[in-house]
1. Relative to the longest principal Cα axis of the chain, at what angle does helix 4-14 sit, 0 to 90 degrees, rounded to 10?
2. Using a Gaussian network for the chain with springs between C-alpha atoms less than 10 Å apart, which of these wobbles most: 85, 77, 26?
3. Using only the alpha-carbon atoms of the chain, report the extent along each of the three principal axes, biggest first, to the nearest angstrom.
4. For the chain, take the longest principal axis of its alpha carbons; what is the angle in degrees between that and the long axis of helix 99-121, to the nearest 10 within 0 to 90?
5. Given only helices, namely DSSP H runs of n ≥ 4 each adding -39500 (n - 2.57), what is the per-residue ellipticity at 222 nm of the chain, to the nearest 500 deg cm²/dmol?
6. Rg and Dmax of the stretch 48-130, using alpha carbons, in Å: what are they?
Amino acid sequence: MDPRDFLALARKLGSATAPAELRTAISRAYYSVFNIACETIRNLGCEVSRGSDAHGYIRSQLSNCSSDELKKAGVSIGTLHNHRIRADYELQECNVENPNTARLMVKLADMVISTLDSHVREKAKKEQFKRSLREYEQKITQHRKSH
């Protein structure tokens, strides 16, 4: 399955008004970005955990890249993830039932995906992206070995 289909569904649900649809739009927007980011990082030859810690690790990988755009994408993934948690688990949280919030999260997901796409489409950006990911992996590996 193409994770971009989740974003298409999020767009459709984000224009609804029912709480369940708006919450689902936020959740699908996040999972679209998460799965595309995982796929992108793996395609660049780097590891991505398959456990629950993958969510934080993806965010950290991007936030530690040398590109300001990728750093911003990492922060945005964190924002999307926080909203997804509220949408899926915090049923008393009403802000995620606001159509403007859902549309904003869909727009944010779109921007992150565009950033990732541009960093693999353009050769120089792709090499910088790959180098940053590998440097981060090396830092993490060294940190684990020293502790």
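Only the coordinates and a few stated rules stand behind these numbers; no lab work does. These numbers come from a predicted model, not from an experiment.
1. Taking Cα atoms only, the helix is inclined about 30 degrees.
2. Highest fluctuation of the listed residues: 85.
3. 48, 37, 27
4. In the chain, helix 99-121 runs at an angle near 30 degrees to the longest axis.
5. The per-residue figure over the chain is -27000 deg cm²/dmol.
6. 14.3, 46
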